[in-house]
Each structure stands twice: as C-alpha cells, then as structure tokens.
Amino acid sequence: MIKSSILSVLLAASFLGGCENMTTGQKGALTGAALGTGIGAVAGASFPVVVGAGLIGGAAGYITGSAIDSR
C-alpha cells in the first residue's frame with residue numbers, strides 16, 4: 001500500500017513537472033482529471049465510476065481553463 005502511494009505521488013509530480021509548455025486549458029484538464037479521479041478513488045467508487053469522474057473532471061477543467069485563457 002505504501003509503495004503504491006509513493007508511486008502515485010511520484011507520478012503526479014512528474015505530470016505536474018511536464019506542464020511547462022501547456023496551455024491554460026490543457027493544465028485545467030489535467031488538474032480536473034486528477035481531482036475527479038482522486039475524489040472518486042477516495043470515495044471508494046468502482047473503477048468505471050472513477051474513470052468517469054476523471055473524464056468529467058478533465059472536461060470541466062479544460063472548459064474552465066479555456067475560459068480563463070480567453071480573457
């Protein structure tokens with residue numbers, strides 16, 4: 001369990017470190033997907049629900065980031 005937690009943190013850090021050349025919409029999509037997936041996983045939802053939460057979070061993050069970028 002601890003190994004998977006450490007691996008998850010390292011993976012998240014590498015994703016965030018790779019955001020340098022991304023647009024605001026892309027950063028929002030990545031953040032929204034991570035938050036949606038994380039919340040679904042912590043809530044103890046089944047795998048399809050967690051994937052769906054990640055997809056919805058990514059879409060919402062992209063729309064929000066694009067709206068911020070267009071200002």
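Each value in this text was obtained by applying a stated rule to the coordinates, not by laboratory testing. Remember, predicted model here, so these are calculated numbers, not experimental data. Quick reminder, even Gly has a Cβ in these numbers, built from the backbone with ideal geometry, and neighbours come from all protein chains shown.
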With label points set 7 Å from each Cα along the Cα-to-Cβ direction at LEU55 and ASN21, the distance between them in nm comes to 2.9
With only helices counted (DSSP H, runs n ≥ 4, each -39500 (n - 2.57)), the per-residue ellipticity at 222 nm for the chain, to the nearest 500, works out to -28000 deg cm²/dmol
With x for Gly and Pro, the residue-by-residue ³J(HN,Hα) of the stretch 46-63, computed from phi through the Karplus equation 6.51 cos²θ - 1.76 cosθ + 1.60 at θ = phi - 60° and given in whole Hz, is 6, 4, x, 5, 5, 5, x, 5, x, 5, 5, x, x, 5, 5, x, 5, 5
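Efficiency by 1/(1 + (r/R0)^6): what FRET value for LEU10 and VAL42, r their Cβ-Cβ distance, R0 = 22 Å, to the nearest 0.05? Don't jump to the answer; show the numbers that get you there.
Values: r = 19 Å, r/R0 = 0.84.
With R0 = 22 Å, the Cβ-Cβ based efficiency is 0.75.
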Output ordering of 27-36, 46-55, 4-13 (per-residue mean of other Cβ within 10 Å, highest first) is 27-36, 46-55, 4-13
